[in-house]
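First up is the structure itself, then whatever we jot down about it.
The values are calculated or read from the model by the stated rules, or taken from the named source; none is laboratory data. These numbers come from a predicted model, not from an experiment. Cβ atoms come from the backbone with ideal geometry, glycine included; neighbour counts cover every protein chain shown. Side chains included, ligands, DNA and RNA excluded: accessible areas come from the protein's heavy atoms. Shrake-Rupley method; radii C 1.70, N 1.55, O 1.52, S 1.80 Å.
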Amino acid sequence: YGVLKVEKLTDREMVARVYDSIECSVFKGSGEPRGALTRGIIAGVAAAVWGVPPKGVRAEEVACIAKGDPYCEYRVRRG
């Protein structure tokens, strides 16, 4: 789906960037985040790493190539 780089990983927070996201590249110029599937996958990975149920994490897309950013960035937090 793209090139994933985990920028930060602690016991409560994960920051991940996806470069060349196929999901978001088709929406370039839309002006809004479009990485729902990727956001869910990253949230699921974080939940597995932390050993918590998926409902125990919250993921937000704070940057997106569909908005004109150079990469998509996701911030995931526990609880």
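Projecting the Cα atoms of VAL45, GLY2, ILE65 onto the dipole axis of the chain, where Lys and Arg carry +1 and Asp and Glu carry -1 at the beta carbon, places VAL45 farthest toward the positive end.
Over the chain, accessible surface divided per residue gives 59 Å², non-protein components excluded, 1.4 Å probe. Heavy-atom surface analysis with a 1.4 Å probe gives the range 8-48 a carbon and sulfur content of 56 percent of its accessible area. Of the trypsin sites (Lys or Arg not before Pro) in the range 18-79, the ones in a loop by DSSP (not H, G, I, E or B) with at most 14 other beta carbons within 10 Å are LYS28. Residues whose amide H lies under 5 Å from that of ALA63, counting only those 5 or more places away or on a different chain, are GLU73; hydrogens are built 1.01 Å from N in the peptide plane.
Let me confirm the definition first: pairs of Lys residues in the chain, 8 or more apart or on different chains, C-alpha distance under 21 Å. How many are there? Lysine pairs meeting the criterion: 4. The Rg/Rh ratio for the chain is 0.98, where Rg is the radius of gyration of the alpha carbons and Rh is the Kirkwood radius. For the pair THR10 and LYS55, a Förster radius of 22 Å applied to the C-beta separation gives a FRET efficiency near 0.65, rounded to the nearest 0.05. Rounded to the nearest 20, the size of the Cβ-charge dipole of the chain about its Cα centre is 220 debye, with Lys and Arg at +1 and Asp and Glu at -1. Spin-label model, VAL3 to ILE22: label points 7 Å out along the Cα-to-beta-carbon direction sit 1.6 nm apart.
Scanning residues 5 or more positions from VAL57 or on other chains, those with amide H under 5 Å from its amide H are GLY79, with H placed 1.01 Å from N in the peptide plane. Converting phi to 3J(HN,Hα) with the Karplus coefficients 6.51, -1.76 and 1.60 and the offset θ = phi - 60°, the range 20-37 yields 6, 4, 5, 5, 8, 5, 6, 10, 3, x, 6, x, 9, x, 9, x, 5, 5 Hz in sequence order, with x at every glycine or proline.
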